[in-house]
Amino acid sequence: MLKSKHSHKLKRVNLGTKTEYIVYKCFRPGCTTYFARPIVVGVSALCWACGKDFTFAVRNLEQVKAKCRKCTGRRDRTEDVEKIDIASDNILKQLGLKHE
Ligand SMILES: [Zn+2]
Ligand SMILES: [Zn+2]
């Protein structure tokens, strides 16, 4: 059998019965690989929308079908920027460099 490294087409599935047990399973034909939540981040994944490779990120954890940044939209990015701005604002206040 061919065991080439491929980008896994990951889908979020719940393997648990009484308690939730989330894993990210590859849906490529013949592939039985799946990843538990903490180790899936950083895995080479295949976008369900455009079919291109991308690196599975924290923001993909809540998606049922993992999609790349392009297909998810740019909202994450602006949110990240806002958070950074607020953080640096607080730092400036703490240092006494910025006054209300
Ligand atoms: Zn796979
Ligand atoms: Zn995509």
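A few remarks follow.
Listed here are the residues, each with its yes/no results for (1) modelled with pLDDT under 95; (2) loosely packed, with under 14 Cβ neighbours inside 10 Å; (3) not acidic (D, E).
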{"position": "S4", "(1), (2), (3)": "yes, yes, yes"}
{"position": "R37", "(1), (2), (3)": "yes, yes, yes"}
{"position": "C47", "(1), (2), (3)": "no, no, yes"}
{"position": "D53", "(1), (2), (3)": "no, yes, no"}
{"position": "C71", "(1), (2), (3)": "yes, no, yes"}
{"position": "R77", "(1), (2), (3)": "yes, yes, yes"}
{"position": "I91", "(1), (2), (3)": "yes, yes, yes"}
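- Long-range neighbours under 7 Å by Cβ, at least six apart or interchain, first residue over 16 Å from K5 (Cβ atoms) within segment 37-66, second of a type in the set (S, T, N, Q) and within 16 Å of ligand 1 (Cβ to nearest atom): A66/N60
The values are calculated or read from the model by the stated rules, or taken from the named source; none is laboratory data. Since this is a predicted model, take the numbers as computed values, not measurements. Cβ sites come from the backbone with ideal geometry, for glycine too, and all protein chains shown count toward neighbours.
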